[in-house]
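In what follows, a single structure is set out as C-alpha cells and then discussed.
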Amino acid sequence: GVKLLLHGLCSNTTVRSLDLKGNNLRTMGAEALGKLLRQNKSIKSLILEWNSLGLWEEGFSFFCQGLGANNVLQQLDLRNNQINHQGAGELAMALKQNASLQELDLRWNNIGLLGGRALLNCLHSNKTLKRLELAGNNVPSDILKAVEQAMDHNQDRQTILSETQNRTYILSKEVLSLKDEKTKQFLDLMDTIDKQREEISRSGRMSAARVSQLQEALDEQHSIMNSLKAKLQMTEAALALSEQKVHNLGELLNATKQEQTSMAERHFMELQQQKQEGADQEGKLLRDLSAASEKNLLLRNQVDELEKKCKVQQDQLFQVKQDLANTTAELKLRAMQAEERLEMEKRRFKQSLEDVESLRLKEVDHMTQHIEASERSMQDRIQRLEAIRIALEEELSQVKAAALTERGQAEEELIKVRNQARLEEQQRLEHLEEKLRLITESRDEAQNCCLKQKQMVAEAQAKANQLSLHADGLRRRLEELQQDLNSKEEEKVTEVNKVKVELQEQIGHLQAERTAQEGLREKIAALERQLKALSSSHHEALLDKEGEISMLLEKLRMKEADISRMREEEAQRASFLQNAIMAYVQGSPLGTHSSRK
C-alpha cells in the first residue's frame, strides 16, 4: 500500500508535507521513498519517525541516493529509525550532494562516533543545512559542539545571503526607476531637439524663399539695366547722326562762303551792302553753331554721367549679389554648425544618462528649478526687447517713407525746371528758324533729335531713381532677413542655455548687448545719413555675439569636464564602497572560517 501511495505521489504537484510516522516501512518502502524524492518536485516536509529504515541497508542506501538527487525537500525527520554508522555515512554522502535540505532530525538512533565524524565532514561542503539534531546517538560532545558551530556558520551565511539578496533587489528596483526617469528625460530632450530641427528647417525654407524672391528681383533689375543700356546705345547712335548732320551743315556753310566770295568778286562793286549783311549773318550763324556745339558737349557730359551712374548701379548690384551669396553661405554654415552641435549634445546627453546615480538627482532637480526660473525671466525680457525692436523698425519705416516723399518732390521740381528750360530753348530755336529758313531745316531735325535724347535721358534718370528705390527696398529686405537671422540665433542661444548652469552671467551679457543695440538704434532714428556706419557696428556686434557664444561653449565644455570628473569621483566612491563591503565580508566570522578551512 505504501508503494502504491508513493508511486502516485511521484507525479503530484500540490502536496507540500508528508507524514508517514510509525508505518513499519521496509526495503520496498525505502526504495519507493528514494524514487519519490528523485521525481517529486513539491514536497518540502517529510516525517518518517518510528519506521526502522536503518535495518535495511540496501533500501536505506537507495533512499539516501534519492535524497542526494532531490532539490526541493527542506525538512526531514528520521527519529527512532535504528540508523547505524554505515547509514550515517550514506546520509553524509547524500548531504554533500543535496542543496535544499535545511532541517534534519536524527535523534534516538545508533550513529555513534564514526557516524558523527562522517556527518561533521559532510558539513564542510553543505552550506544550506541550518539545524541538525543528534541527541541520543552516543556522539561525543566535541563533535556535537563542532556540528553546532557549523550550523551557526550556515545560519549566519544564510542571513547574509538573504540580506544581500534583499539589497540587490532594492538596488535593482532603484536602478530600474532611475533608468525609466533617465529614458523619459532623454525622450523629452529628443523631442525638444526634433522641434528645434523642425524650426531650423522652417526658417531655412523661409530664408530660401526670400532669397529666391531677391534673386528674381535682381534678375528684373538686370533686365531693366540691359534695356537701359540698349536705350543708351540708341541715344549714342542718334548723337553720332546729329554730329554728322552738324558736319554736313559746316560743309554747306563753307560752300556757301566760297560761293559768296565768288559772287563778291564778280559783283564787288554792286553788292557791298549785301556782302556786309552776309558777313553779319555769317557771324550770327557762327555764334549759333558755337552754342549748338556747346549744347552737344553738355549732352555728351550728361551721357557720360549717366554711364557712370549705370556703372555704379551695376557695382551696387554686384555687391548685393555678393552679400546674398555670403548670407546664404553663412546660413548654410550656421545650419551645419547647429546640426553638429545638436549631434554632439545628443552624444553627451547619452553618455551622461548612462552614468548618473541617485546622488545626482537632488542636484538635477535644483538645477532644473533654477533653469526654469531663468528661462521665464529670459522669455519676458526677450518679449520686451522684441516689442522695442518692432517700435524702432516702425520709426525707421516712417523716416524712410518721409525721405522717399522728399526725394519724389525734389525730382518733380527738377523735371519742372527741365521742362521750362526746354520751352525756352524751343522758343529760341523758333526765332532762329524764322531768321534762317534755308539752313534751319537740318538744325530743326538735330534739335528734335536732341529733344528726344533729352526725353530718353529723363526717362533713364527716372528709371535709375526707380532702381535706386528698388535697391533701397532690397536693402530693407536684407536688413529684415539679417534681423530674423539674429533673432533665430538668439533663440538658439536661449535654447542651448536652458541646459547650462551659468544663466545669470549670460543674462548680464545679453542685457549689455541689448542696451548697446538700443543706443545704436536710437542713433539710427536720429541720424539717417550714418546707416553704413550703423550697419558696420551691427556687424561688429554680431561678431561680439559669436565670440560670446564661443566663450559660452567653452564654459559648457569646462562644465562637462567637471561633470565627467564628478562621475569619475563617484565611480571611485563606488569602487571604494565595493572594496569596503568585500573587506567587511572577508573580516566577518564567516569569511575567517572559510579562510581557515
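The values are calculated or read from the model by the stated rules, or taken from the named source; none is laboratory data. No experiment lies behind these values; they were computed from the predicted model shown. Don't worry about glycine lacking a Cβ; one is built from the backbone with ideal geometry, like all the others, and counts go over all protein chains shown. These accessible areas exclude ligands, DNA and RNA; they are computed on the full protein's heavy atoms, side chains included. Shrake-Rupley method; radii C 1.70, N 1.55, O 1.52, S 1.80 Å.
Relative to the Cα centre, what is the charge dipole magnitude of the chain, using +1 at the beta carbon of each Lys and Arg, -1 at the beta carbon of each Asp and Glu, and rounding to the nearest 20 debye?
Computed charge dipole of the chain: roughly 3360 debye.
Anything over 29 Å Cα to Cα? Flag those among Lys311/Lys400; Lys284/Lys309; Lys44/Lys96; Lys3/Lys127; Lys308/Lys452, in the order listed.
Violating the 29 Å Cα-Cα cut-off are Lys284/Lys309; Lys3/Lys127.
Determine the dipole magnitude for the range 1-139: charges of +1 sit on the beta-carbon of Lys and Arg, -1 on that of Asp and Glu, nothing else is charged, the reference point is the Cα centre, and the result goes in debye to the nearest 20.
Result for the range 1-139 is approximately 360 debye, rounded to the nearest 20.
Please list, short to long, the whole-number percent of alpha-carbon pairs of the range 98-138 in consecutive 5 angstrom bins beginning at zero.
6, 23, 30, 25, 13, 2
According to the Kirkwood expression over distinct Cα-Cα pairs, how big is the hydrodynamic radius of the range 1-139, in Å?
14.5
Put +1 on the Cβ of every Lys and Arg and -1 on every Asp and Glu Cβ in the chain; which of Asn465, Ala94, Gln586 then has its Cα farthest towards the positive end of the dipole?
About the Cα centre, the residue reaching furthest to the positive side is Ala94.
Compute the accessible area per residue over the chain, keeping the other protein chains in place, probe 1.4 Å, unit Å².
So the chain comes to 65 Å² accessible per residue, rounded to a whole number.
Convert 4 °C to kelvin, take the viscosity as 1.567 mPa s, use the Kirkwood radius over C-alpha pairs of the chain as Rh, and evaluate the Stokes-Einstein diffusion coefficient in µm²/s, rounded to a whole number.
35
Given the whole protein assembly as supplied and a 1.4 Å probe, what does the accessible area of Asp19 come to in Å², nearest 10?
90
Quantify, in whole percent, the carbon and sulfur part of the accessible surface of the chain (1.4 Å probe; protein heavy atoms only).
Accessible surface attributable to carbon and sulfur in the chain totals 54 percent.
For the range 211-289 and the range 33-97, write down the distance between their C-alpha centroids in whole Å.
Measuring centre to centre over Cα atoms gives 141 Å.
Any idea which of Leu553, Gly283, Leu48 is furthest toward the positive side of the dipole for the chain, if Lys and Arg beta-carbons carry +1 and Asp and Glu beta-carbons -1?
Positive-end residue among those listed: Leu48.
What is the angle, in °, between the Cα long axis of helix 361-435 and the longest principal axis of the Cα atoms in the chain? Nearest 10 is fine, range 0 to 90.
The two axes meet at around 10 degrees.
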